[in-house]
Amino acid sequence: MPVKVGAPGAITPPADLVIKTAKRNEEKGYDSLWYPDHWMAWHPESIWTEDITPIAKFQPNPHVYLDPVATIAAVGVVTERVQLGTCVTEPVRRHPAMLANEWLTLDHITKGRVILGLGSGEAENNEPYGIPFEKTVSRFEEAISIIKLLWANDEPVDFDGQFWTMRDAVNGMQPYTPGKPPPIWTGAHGPRMCRITGRLADGWLPSLLTVDEYKEKLGIIRESAAKAGRDLSDFEAGMWNYAIVGTDHEDTHRILEATLLKAYMLVLGAEAYQKRG
């Protein structure tokens, strides 16, 4: 399977620049563009100043995000080849039936180029807004089952779960390509999330893993798929990573000392720091 290269999609205003950037990235040859689903950033506002980051001159605070569904729809109209996905959304703020409908809508707008990147969510995007954030992995698993059920049927369906109950629920819209719904990729990291990925997902997009960590987690996914009797020949395993580009070794290390760049390390969980002492 050939290696594909994706890039982050622009997700902050002005919208015209977001669309222009997507068109340029497609022209540059990128295979996919990925859009986060955030209401709140992880950067402390105290470091969002012009002396620390030039971005502060143009963006008033770090919490400026366009909605990824609307953004992908807009970008999908002006692009022709590049795949478009979320990295990632979640079924805490978005009901599974809403996700199912949104992604079929995007599937038609993009003519089959959209990916549903799904995770279990982050507290920062839920708790401050009064949205309960608990049992998120179980909710994630149940949501995938509901989405797949709705995509697979154009007649009324029932569902009895821990979080959602459906009676005579109908999804009349079918995929752009009959029988080929949007692929579901997960942002799984933990063992249980990886097992769910192996049983239910079509792709995997973790972030910031070492080679050994990646190998271990991919092994869990493959083992889980085998137990479920799934063939992973079409499964796509990706990786979301960051690169620092400098003119030489010294310049690269100078860039690494930037305060805003160090703040990106807040995306790592406690486990990552424990492993590294």
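Within region 104-140, the residues that satisfy the criterion of being free of Cβ contacts under 8 Å to residues at least 40 places away in the same chain, outside any loop (DSSP other than H, G, I, E, B) and of a type outside the set (A, V, I, L, M) are GLU127, SER138. Of all residues in region 43-58, those satisfying the criterion of being in a loop (DSSP other than H, G, I, E, B) and surrounded by 14 or more Cβ atoms within 10 Å (Cβ to Cβ) are HIS43, TRP48, ILE52, THR53.
The helices (runs of 4 or more DSSP H) located wholly in region 166-277 that include 2 or more residues which are surrounded by 12 or more Cβ atoms within 10 Å (Cβ to Cβ) and of a type in the set (Ser, Thr, Tyr) occupy 211-227. Scanning region 1-18 for residues that are closer than 28 Å to GLU124 by Cβ and within 19 Å of the chain's Cα centre (by Cα) turns up GLY6, ALA7, PRO8, GLY9, ALA10, ILE11, THR12, VAL18.
Of all residues in region 25-35, one or more are surrounded by 15 or more Cβ atoms within 10 Å (Cβ to Cβ) and under 19 Å from VAL267 (Cα atoms).
Among the candidates GLY112, GLY76, the residue that is small (Gly, Ala, Ser) and either modelled with pLDDT under 95 or surrounded by 19 or more Cβ atoms within 10 Å (Cβ to Cβ) (or both) is uniquely GLY76.
Yes or no, residue by residue, for (1) farther than 21 Å from SER224 by Cβ; (2) at pLDDT 95 or above; (3) surrounded by fewer than 16 Cβ atoms within 10 Å (Cβ to Cβ):
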{"residue": "PRO128", "(1), (2), (3)": "yes, yes, yes"}
{"residue": "THR136", "(1), (2), (3)": "no, yes, no"}
{"residue": "GLU142", "(1), (2), (3)": "no, yes, no"}
{"residue": "ILE147", "(1), (2), (3)": "no, yes, no"}
{"residue": "LEU150", "(1), (2), (3)": "yes, yes, no"}
{"residue": "TRP164", "(1), (2), (3)": "yes, yes, no"}
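Quick one: is SER145 outside any loop (DSSP other than H, G, I, E, B), among the small types (Gly, Ala, Ser) and closer than 21 Å to GLY172 by Cα? It is true that SER145 is outside any loop (DSSP other than H, G, I, E, B), among the small types (Gly, Ala, Ser) and closer than 21 Å to GLY172 by Cα.
The values are calculated or read from the model by the stated rules, or taken from the named source; none is laboratory data. Because the structure is predicted, anything quoted here is derived from the model rather than measured. Please note: Cβ atoms are built from the backbone with ideal geometry, for glycine as well, and neighbour counts cover all protein chains shown.
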